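Heads up, the thing below is written out as structure tokens.
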Amino acid sequence: EIAAALGGEGACFYSFAGRSRAFVALRWCHSALRTISYLLRRRPHALIVTNPPIFPGLIGLMYGRLTGAPVVLDSHPGSFGLKGDRVAQVMLPVHRRLARKVAAILVTVEELGDQVRGWGGRPIVVHEAPPGRPTGPTSSCLDGPKILFVCTFAPDEPVDEVLAAAAEVPTVSMIITGDPSRAPLPDRLQAPSNVTFAGYLERDEYQHALDSSHIVLVL
């Protein structure tokens, strides 16, 4: 949505999606190579780089230094070591140093903006844009409504509460996104029969899941 609003293009490199955590280092390396290849081919005049992880920001800064392109970090709350992101907590000194070198940092709330200012950086508070193409559900409600719970099994997501609520309404179909291997095993074993763990959804699959749901449950 940000790229479209600015007349640019968005690119996401996420190799080995849905694989186990053992593939994390390999995924980062492969995604980094794809990112570098993309930058060399497209030669963008400016960059907005999502964080976490911090590594694309470092690649973006190197590209900006070589080409003169301004670089902006889009730093989500997890990149500040919140939401139990242990890698981001370890890399916080790198994030702090990067904040002083990039043109600006996009943050979600003013409190994080104050933290960026304390680091010597320039924050811009930006909220997520609404969906680009809102649509109504493509399925009938006669067989019971379908609820899509957009989830990544992060520590602050109320998975237990959602499962308990689903058990109270057996005529409702509850679809939960996110890599189910990250869900606690008891949750997966004790989930009600009307709950489906959809796994990690690619862009088109995710859009279809949104379009076919009557209710979307998000934080």
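The values are calculated or read from the model by the stated rules, or taken from the named source; none is laboratory data. From a predicted model like this one, the values you see are computed outputs, not experimental measurements. Here the Cβ is made from the backbone with ideal geometry for all residues, glycine too, and neighbour counts use every protein chain on show. Accessible surface areas use protein heavy atoms only, side chains included; no ligands, DNA or RNA. Shrake-Rupley method; radii C 1.70, N 1.55, O 1.52, S 1.80 Å.
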field: Residues located in segment 199-219, provided they are of a type outside the set (A, V, I, L, M, F, W, C), open to solvent by less than 40 Å² (accessible area, probe 1.4 Å) and assigned to a helix (DSSP H, G or I)
entry: Asp211
- request: From (1) surrounded by 15 or more Cβ atoms within 10 Å (Cβ to Cβ); (2) modelled with pLDDT of 85 or more, pick out the condition that doesn't hold for Thr152.
  value: (1)
field: Single condition Leu92 does not satisfy, out of (1) at pLDDT below 90; (2) touching a Gly at 6+ places or on another chain (Cβ under 8 Å); (3) open to solvent by less than 70 Å² (accessible area, probe 1.4 Å)
entry: (1)
- prompt: Just for segment 116-129: of the residues that are open to solvent by 20 Å² or more (accessible area, probe 1.4 Å) and touching a strand residue (DSSP E or B) at 6+ places or on another chain (Cβ under 8 Å), which one is farthest from Leu73 (Cα to Cα)?
  reply: Arg117
All positions within segment 157-179 that are assigned to a helix (DSSP H, G or I) and in contact (Cβ under 8 Å) with a residue 24 or more places away in the chain: Val159, Asp160, Val162, Leu163, Ala166, Ala167
field: So Ala4, is it part of a helix (DSSP H, G or I), open to solvent by less than 60 Å² (accessible area, probe 1.4 Å), at pLDDT below 90 and not charged (D, E, K, R)
entry: no
message: Give all pairs with beta carbons closer than 6 Å in which a residue from segment 76-89 that is in contact (Cβ under 8 Å) with a residue 12 or more places away in the chain and hydroxyl-bearing (Ser, Thr, Tyr) meets a residue that is open to solvent by less than 10 Å² (accessible area, probe 1.4 Å) and not in a helix (DSSP H, G or I); count only pairs at least 6 apart in sequence or on separate chains.
response: Ser79/Asn51
- line: Those residues of segment 163-194 which are closer than 16 Å to Val216 by Cβ and crowded, with 19+ Cβ neighbours inside 10 Å amount to Ala166, Ser173, Met174, Ile175, Ile176, Thr177, Gly178
- prompt: Quick one: how many residues across segment 49-62 are in contact with an Asp or Glu (Cβ under 8 Å, 6 or more places away or on another chain) and crowded, with 20+ Cβ neighbours inside 10 Å?
  reply: 3
